[in-house]
Amino acid sequence: MQTQKPTVSRGLVWLLGLVVLVVAGLGVYLYTLYAPKQVVIQINDEPPITVDVSGWTVAHALKAAGLVLEEGDELTPPLTEKIAPGTRITIARGTRVALLVDGQRLELVIPYGTVRDALVRGEVRMGPMDRVVPVRETPLEDGMEIRVIRVTQQEVVERESIPFRTLRWADPHLAKGEERIIREGKEGILETRVLLTYENGELAHRQVI
């Protein structure tokens, strides 16, 4: 009597092979995610920071570097973006400035930039003669106050009375001490055209034109 050898079905072999492939692939995937990666973090104009990260997103990289985002900061790429060896992360730190415009004080927190960027963020529309202090190309600094000066001009005519002069001369036909008015005098009017310049509603300059 012969003993039958146990047989393994071809389907079971395929299933076992598939399980092995899945486990191997999962291991490679997890290793790729958690294997240490060097990334570079750039904050404004500061020297770049190189960090070893065991996670797989930008958020993990910031945590590894001990960095916390604050209001107004701009991050590239976003927190959920996956990282790879050599990924470069940039942080533009928010700068707190005060924008004084049209009688209001606007507190802004915006990324590193210039006064021009603050005007854009504050949605300030500048007129053709308006000016800003400090000038638009000035780099922003924490605590900076930016003043928008509204400039308008008005041309006016100023009128001034001119008193008449009295002319006297001797007349041989009149008795001594006697006077006679030949023609009544009239006051004159002096007109002057003036260009008035106002800054934020107050007269700042007066020019005769």
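What follows is calculated from the coordinates using simple rules that are stated; it is not laboratory data. From a predicted model like this one, the values you see are computed outputs, not experimental measurements. No Cβ is skipped: glycine too gets one built from the backbone with ideal geometry, and neighbour counts run over all protein chains shown.
What 222 nm value per residue comes from the helices of the chain, counting each DSSP H run with n ≥ 4 as -39,500 (n - 2.57) and dividing by all residues, nearest 500 deg cm²/dmol?
On the way: 3 runs with 40 residues, N = 209.
Estimated from H runs of four or more residues: -6000 deg cm²/dmol.
Using a Gaussian network for the chain with springs between C-alpha atoms less than 10 Å apart, which of these wobbles most: 140, 190, 167?
For the chain, modelled as a Gaussian network with Cα springs under 10 Å, the answer is 167.
Antiparallel versus total DSSP beta bridges in the chain: what percent is that, nearest 5?
Numbers: 39 of 47 bridges.
About 85 percent, rounded to the nearest 5.
Of (1) 3.77; (2) 1.27; (3) 2.52, which is the value of Cα Rg over 2.2 N^0.38 Å derived from the coordinates here?
Label of the calculated value: (3).
Give the longest segment of the chain that steers clear of GluC sites (Glu not before Pro) in DSSP loops with at most 14 neighbouring Cβ atoms within 10 Å, not counting the sites themselves.
On the way: sites that count: 70, 71, 123, 137, 141, 178, 179, 184, 187.
The longest such stretch corresponds to 1-69.
When a/c reaches 1.5 or more, the comparison of a/b and b/c decides; with that in mind, is the stretch 68-129 rounded, prolate or oblate per its Cα gyration tensor?
Working: a/c = 3.95, a/b = 2.63, b/c = 1.50.
Since a/c reaches 1.5 and a/b is larger than b/c, the shape of the stretch 68-129 is classed as prolate.
Have a look at the DSSP beta bridges in the stretch 89-184 and tell me what percent are antiparallel, nearest 5. Working shown, then result.
Values: 12 of 16 bridges.
Around 75 percent of the beta bridges assigned by DSSP in the stretch 89-184 are antiparallel ones.
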